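Peer 1: First the structure, then my questions, so here it is.
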Amino acid sequence: MLEKRIVVCLDVRDGKTTKGIKFQGNVDIGDPVEMARTYYHAGADELVFYDITASAEHRGIMIDVVERVAREIFIPFSVGGGIASLDQMRSVLLAGAEKVSLNSQAVNNPGIIDEGARAFGNQCIVLGMDVLADTTMPSGYRVVIQGGRTPTERDVLAWAREAVDRGAGEIVLNSIDADGTKAGYDCIVTRLISEAVSVPVVASGGAGTPQHIETVFRDGAADAALVASMVHYGEYSVADIKRHLHGAGVPVRMDGVDVG
Amino acid sequence: MTVGVVDYEAGNLKSVETALLALGARISISSSPEELLTTDRLIFPGVGDAAAATAVLRARGLDEAIRSFVATGRPVLGICLGSQIVLDRSEENQATCLGLITGVARRFSADLGLKVPHMGWNQVVPTADHPIFAGIPSGASFYFVHSYYPSPDDHSTVLAETEYGIRFASAIARGNLTAVQFHPEKSGPHGLRMLQNFLDYRG
């Protein structure tokens, strides 16, 4: 049976892992390569690196991080943040990433999804969506860009369907309302999108406890759950999460995890 | 010992390369039939479209090179699309494949009500003894990304099975040719162990 994935997210700024709350006030929390290695050995199923580097001249640092990560971990990982062209996608994929994640750039230029899917295959193209609850939108959710700072006219459901039609092979759905709150994922929007598209949906934003993850798998129909702060600060380990899910009857990869 | 990796424009070879290098293998990534035929064992990875991939193989004479290599008795490993291309044909754009193992690559039916592609970690249960599974527990999880799966005619060519709505052949073999639908290079320690087993395998 296909297992539910635990995806550990590392925000990287100028080559350092960082974590902010609602995209404000970031603090450095470690070396991304070292953290990737630790999570790989701890049983993470997949990693995501978001490059939130402020300046263009520091972008090359990210490629170096990706190359070093690729030499040490042998699970899939994706890279997102600021990727706006086929050349940028190619450099990230050739550095060893499995997938690229497109977010604001795809909203501004949807054709980049088609181009990326044609050049590298749908399985390489992840659509990252930041969403905000908004009762004026048909689905009840609005797509926002630039880390949640800029609202768009796009409805979340319509955009998810369009992106998949264009060739996106996976969607990472991040609730700006829930992000950083540790109060649980938004299961309503997650289920809405997961049931509307044929590709896997990764729930993001709001994870605080293993129970939250179980809930988004059951009630949100998520295929994978993204975690960040709940594992970065040692509150829970990947093994804690997996033991909880395994005990609750959710299929997860237990290789390397002590059943306890 | 050199491992040849067939480069035929079917996806990114980087992860296969880094995994083999991490195991200390000497590798030769090439699209030249002559070069590949001088190697000691051969891997052909690949993602993407079966029809496009087989067209490139033919245009470069790599289809004949793979057949000749298999005929030498040296070990050959197909990965992902590589496990479909060894069959007679694929339902994907009605591709004619290499015909090294009798059977067809079929698409997961929409009637299963499951997401396609089958993407993520799933359990691989060996149904036959084979050195490639040495030291790997039955039911260990491997990473999959695919919409088509190998459906060999002869059950004796099935090495392992995986369940996704249906039970399908996730590893197949005939003689010195082994092919896996999942990605050992992205499947953590068990995946690396499988690649090491292939490097140690005498065919």
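The values are calculated or read from the model by the stated rules, or taken from the named source; none is laboratory data. These numbers come from a predicted model, not from an experiment. Cβ placement follows ideal geometry from the backbone for every residue including glycine, while neighbour counts extend to all protein chains displayed.
Peer 1: For segment A:75-86, state whether one or more residues are more than 14 Å from every other protein chain (Cβ to nearest Cβ), farther than 21 Å from A:G121 by Cβ, outside any strand (DSSP E or B) and hydroxyl-bearing (S, T, Y).
Peer 2: No, segment A:75-86 contains no residue that is more than 14 Å from every other protein chain (Cβ to nearest Cβ), farther than 21 Å from A:G121 by Cβ, outside any strand (DSSP E or B) and hydroxyl-bearing (S, T, Y).
Peer 1: Sort out which residues of segment B:100-113 are in a helix (DSSP H, G or I) and away from every other protein chain (no Cβ under 13 Å), and write them in order of number.
Peer 2: Within segment B:100-113, just B:D111 meets the criteria.
Peer 1: So which residues in segment B:2-44 are of a type in the set (V, I, T), within 11 Å of chain A (Cβ to nearest Cβ) and either over 18 Å from the mean Cα position of the chain (by Cα) or surrounded by fewer than 22 Cβ atoms within 10 Å (Cβ to Cβ) (or both)?
Peer 2: B:T18
Peer 1: Here's something else I'd like to know. Considering only segment B:124-154, state which residues are farther than 27 Å from B:C97 by Cα and either free of Cβ contacts under 8 Å to residues at least 12 places away in the same chain or within 14 Å of chain A (Cβ to nearest Cβ) (or both).
Peer 2: Hits for segment B:124-154 are B:G135, B:I136, B:P137, B:S138, B:G139, B:A140, B:S141.
Peer 1: A follow-up question, please. For segment B:178-191, does any single residue satisfy the condition of being farther than 23 Å from B:T96 by Cβ, surrounded by fewer than 21 Cβ atoms within 10 Å (Cβ to Cβ) and among the charged types (D, E, K, R)?
Peer 2: no
Peer 1: Let me ask you something else. Of all residues in segment B:69-99, how many are farther than 18 Å from A:G121 by Cβ, in a helix (DSSP H, G or I) and within 14 Å of the chain's Cα centre (by Cα)?
Peer 2: 1
Peer 1: Sticking with this structure for a sec: Being in a strand (DSSP E or B), more than 14 Å from chain B (Cβ to nearest Cβ) and surrounded by fewer than 24 Cβ atoms within 10 Å (Cβ to Cβ), is that true of even one residue in segment A:118-131?
Peer 2: No, that holds for no residue.
Peer 1: If A:I112 satisfies every condition in (1) at pLDDT 95 or above; (2) more than 26 Å from A:G30 (Cα to Cα); (3) assigned to a loop (DSSP other than H, G, I, E, B) but one, which is the exception?
Peer 2: Failing condition for A:I112: (3).
Peer 1: Taking into account only those residues within segment B:155-203 that are of a type in the set (K, R) and more than 16 Å from B:G135 (Cβ to Cβ), which is farthest from the other protein chains (Cβ to nearest Cβ)?
Peer 2: Applying the filter and picking the extreme gives B:R174.
Peer 1: Taking A:I113 and the conditions (1) under 12 Å from A:I63 (Cα atoms); (2) crowded, with 23+ Cβ neighbours inside 10 Å; (3) not hydroxyl-bearing (S, T, Y), which numbered condition does it fall short on, given that it satisfies the others?
Peer 2: For A:I113, the failing item is (1).
Peer 1: Considering only segment A:191-227, how many residues are in a loop (DSSP other than H, G, I, E, B) and either within 14 Å of chain B (Cβ to nearest Cβ) or in contact with a strand residue (DSSP E or B) (Cβ under 9 Å, 6 or more places away or on another chain) (or both)?
Peer 2: Counting residues in segment A:191-227 that are in a loop (DSSP other than H, G, I, E, B) and either within 14 Å of chain B (Cβ to nearest Cβ) or in contact with a strand residue (DSSP E or B) (Cβ under 9 Å, 6 or more places away or on another chain) (or both) gives 11.
Peer 1: Follow-up. Which of the strands (runs of 3 or more DSSP E) found entirely inside segment B:114-203 contain at least 1 residues meeting this: aromatic (F, W, Y)?
Peer 2: Filter on segment B:114-203 gives B:118-126, B:140-146, B:148-152, B:158-164, B:166-174.
Peer 1: Would you confirm, using the coordinates I've provided, whether B:I66 is surrounded by 24 or more Cβ atoms within 10 Å (Cβ to Cβ), touching a residue at least 60 places away in the same chain (Cβ under 8 Å) and either of a type in the set (D, E) or assigned to a helix (DSSP H, G or I) (or both)?
Peer 2: yes
Peer 1: A further question follows. Regarding segment A:95-105, can at least one residue be identified that is part of a strand (DSSP E or B) and of a type in the set (S, T, N, Q)?
Peer 2: yes
Peer 1: Which residue, of A:A178, A:A158, is free of Cβ contacts under 8 Å to residues at least 60 places away in the same chain, among the aliphatic types (A, V, I, L, M), farther than 30 Å from B:H190 by Cβ and in a loop (DSSP other than H, G, I, E, B)?
Peer 2: Result: A:A178 is the single residue among A:A178, A:A158 that is free of Cβ contacts under 8 Å to residues at least 60 places away in the same chain, among the aliphatic types (A, V, I, L, M), farther than 30 Å from B:H190 by Cβ and in a loop (DSSP other than H, G, I, E, B).
Peer 1: Can you pull out every residue in segment A:74-97 that is small (G, A, S) and over 19 Å from A:L173 (Cβ atoms)?
Peer 2: Listed by number, the residues that qualify are A:G82, A:A84, A:S85, A:S91, A:A95, A:G96, A:A97.
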